[in-house]
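Here's the structure, in structure tokens; my notes come after.
The values are calculated or read from the model by the stated rules, or taken from the named source; none is laboratory data. Predicted model, so just to flag it, every value in this text is computed and none were measured. In this analysis, Cβ positions are derived from the backbone assuming ideal geometry, glycine residues included, and neighbour counts consider all displayed protein chains.
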Amino acid sequence: MPQAGIDREWLRWLPAFGLVVLLHVMAWWGYTYFRSEIVPPRPLPVVQVTLLAQPTPRAAPLQPPAPEAERLQKHVTKALPAPVPARIAEAVAELAPQQAPLQAAPIAPPVQPAPAAPRPVPEPVLELPRYNAAYLSNPPPAYPFAARRRGIEGTVLVRAEISAGGACLRAELKKSSGNGMLDQAAVDAVKEWRFVPARRGSQAVVAWVEVPITFKLENN
């Protein structure tokens, strides 16, 4: 009985075992058949790419400005004992930025001052001719008879040009007295007078002078 049970069990699994074997055989046959039909893939060209690392920017060292270093040095020198400030001063000096040596600027040649312009010599003052010097002995003008009889009086202003020798070169009426006879008498008299010539410094020059002549009756 036990042997019969085993045979029945084996017979029950036999179809499944045969199916498995058949599947393996078909798989092997398909692999061998289609093996020649499979075209091996063409290898793709290999492109070699090298990535360069981006340079990392170097950060500039932080250095305290020179005035800040000096202020820190003064502050620490006052706050700490004598031995400590010396060491801190050395450290601060190392942190302070090194200043480039100052180059002396080329000394420009001294500018020569322009020669001063010569000062103009002031012109000597002109001294006008004089007609009233006593030694000249100039006679008074003749009083016109007709004007005296009518009682006519007045003052005439004569303008005369005097030479360097003191003679009257010409005379003209500058201001009338209101009477033609008196005016003409005054001009004629000045033409005959002598004058002290005008001077500019020590030199006698020709110049104009105004001569007032007054006609006045004696009984008035």
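Do we find that residue 217 is of a type in the set (A, V, I, L, M), at pLDDT below 95 and over 11 Å from residue 158 (Cα atoms) in this structure? In short, yes. If you scan the range 173-215, which residues turn out to be basic (Lys, Arg) and either assigned to a strand (DSSP E or B) or in contact with a Ser or Thr (Cβ under 9 Å, 6 or more places away or on another chain) (or both)? Within the range 173-215, 174, 175, 194, 199, 200 qualify. Check whether at least one residue in the range 144-164 is part of a helix (DSSP H, G or I), among the acidic types (Asp, Glu) and under 19 Å from residue 206 (Cβ atoms), and report yes or no. No - not one qualifying residue is present in the range 144-164. Looking across the range 126-157, the residues that are under 15 Å from residue 216 (Cβ atoms) and either surrounded by 14 or more Cβ atoms within 10 Å (Cβ to Cβ) or modelled with pLDDT of 95 or more (or both) come down to 141, 143, 144, 147, 148, 152, 153, 154, 155, 156. Residue check: residue 218 meets all listed conditions (1) of a type in the set (D, E, K, R); (2) touching a strand residue (DSSP E or B) at 6+ places or on another chain (Cβ under 9 Å); (3) without any contact (Cβ under 8 Å) to a residue 24 or more places away in the chain but one, namely (2).
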